[in-house]
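Structure record follows, encoded as structure tokens.
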Amino acid sequence: MNGPEIHIEFAPALHLFVDHTRRRGATPVVTDGASSLGHVVESLGVPLTEVGGLAVDGRDVPASHVPRAEERVQVRAVERPQHVPGAPLRFLLDVHLGTLARRLRLLGVDTAYESTDIGDAALAARSAAEKRVLLSRDRGLLRRRELWAGAFVYSTRPDDQLRDVLDRFRPELRPWTRCSACNGLLRQATKDEVADQLEHGTRRTYDVFAQCRECGRAYWKGAHHDQLQAIVDEAMSIRAQLG
Ligand SMILES: [Zn+2]
């Protein structure tokens, strides 16, 4: 590029996306004189889903602003909690976030997830069609224009991923109301209704069941219950602290 030079400063929360030489104050960028500021920011590695606002010489500008020579640009991080207007809060997770998807469903958060890789275009189209916030660690995916909304997941560890999503979006939690397999809503079920899914020992030991309204899967407080309850308890406590 060989056009106007601008100076650009990234908020500390965005530093992990940019080259280490851009992590201290405003640094020069030579632009092409035609690209939008949003494009320039993306080309430096920052997904726009993580940008809370852009300012030029102290004045807010849209991502479509075309920078002119000598402008001083500040890139702010997205605010927490982040309010996503236009639809009830619901998520779509990419193929690498299966554990996070199951945990969000366990907590009753509406979470779509496909265990097979349907491709970036199909994921972005689903985000748009169903007005779901796409969660991903893939910056390329988060750059897709069709996305309704998106968010970068900062950690590779499911515990931290869940904490991050709870902190950023503050979703309402309704534990034990959704199917962790398909995201369908659960209803109470009698033992007879789910009998064909129970082994003899389970049939003898348990009396309280739930069943998914979508896929029919039966749920009861079986062997893994304590482990799941611990995840629920911790999430509820984090959520309560966040207010
Ligand atoms: Zn189900």
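The values are calculated or read from the model by the stated rules, or taken from the named source; none is laboratory data. This is a predicted model, so every value here is computed, not measured. We place every Cβ from the backbone using ideal geometry, glycine too, and count neighbours over all the protein chains shown. Keep in mind that these areas ignore ligands, DNA and RNA; they rest on the heavy atoms of the full protein, side chains included. Shrake-Rupley method; radii C 1.70, N 1.55, O 1.52, S 1.80 Å.
Observations
- So R157, is it surrounded by fewer than 15 Cβ atoms within 10 Å (Cβ to Cβ) and not hydroxyl-bearing (S, T, Y): yes
- Reported count of residues in the range 9-58, each being within 19 Å of V153 (Cα to Cα) and among the polar types (S, T, N, Q), is 1.
- A single entry from L162, L228, L186, L166 fulfils the requirement of being within 16 Å of the ligand (Cβ to nearest atom) and either touching a helix residue (DSSP H, G or I) at 6+ places or on another chain (Cβ under 8 Å) or in a loop (DSSP other than H, G, I, E, B) (or both): L228.
- Per-region count, the range 189-225, residues away from the ligand (no atom under 16 Å from the Cβ), part of a helix (DSSP H, G or I) and of a type in the set (D, E): 1
- Meets criteria (free of Cβ contacts under 8 Å to residues at least 24 places away in the same chain, open to solvent by less than 40 Å² (accessible area, probe 1.4 Å) and assigned to a helix (DSSP H, G or I)) for A124: yes
- Residue pairs meeting the criteria (Cβ under 7 Å; at least 6 apart or on separate chains; first closer than 23 Å to W148 by Cβ and free of Cβ contacts under 8 Å to residues at least 24 places away in the same chain, in the range 43-61; second open to solvent by 40 Å² or more (accessible area, probe 1.4 Å) and among the basic types (K, R)): G53/R76
- Which listed residue, of V73, V95, V84, V133, is in the same structural domain as R23 (by TED's automatic domain parsing) and open to solvent by less than 70 Å² (accessible area, probe 1.4 Å): V73
- Check on R59, at pLDDT below 95, open to solvent by 40 Å² or more (accessible area, probe 1.4 Å) and outside the structural domain of L135 (by TED's automatic domain parsing): no
- L173 being more than 12 Å from the ligand (Cβ to nearest atom) and part of a helix (DSSP H, G or I): no
- Being open to solvent by 60 Å² or more (accessible area, probe 1.4 Å), among the charged types (D, E, K, R) and outside the structural domain of T156 (by TED's automatic domain parsing) is not true of D117.
- Filtered residues of the range 231-243 (kept if modelled with pLDDT of 95 or more and either of a type outside the set (A, V, I, L, M) or within 16 Å of the ligand (Cβ to nearest atom) (or both)): D233, E234, S237, R239, Q241
- Considering the conditions (1) farther than 26 Å from D120 by Cα; (2) at pLDDT 95 or above; (3) polar (S, T, N, Q), N183 is excluded by exactly one of them, (1).
- If you filter the range 194-219 down to residues that are within 29 Å of E172 (Cβ to Cβ) and open to solvent by 90 Å² or more (accessible area, probe 1.4 Å), you find that the one that is nearest to the chain's Cα centre (by Cα) is E214.
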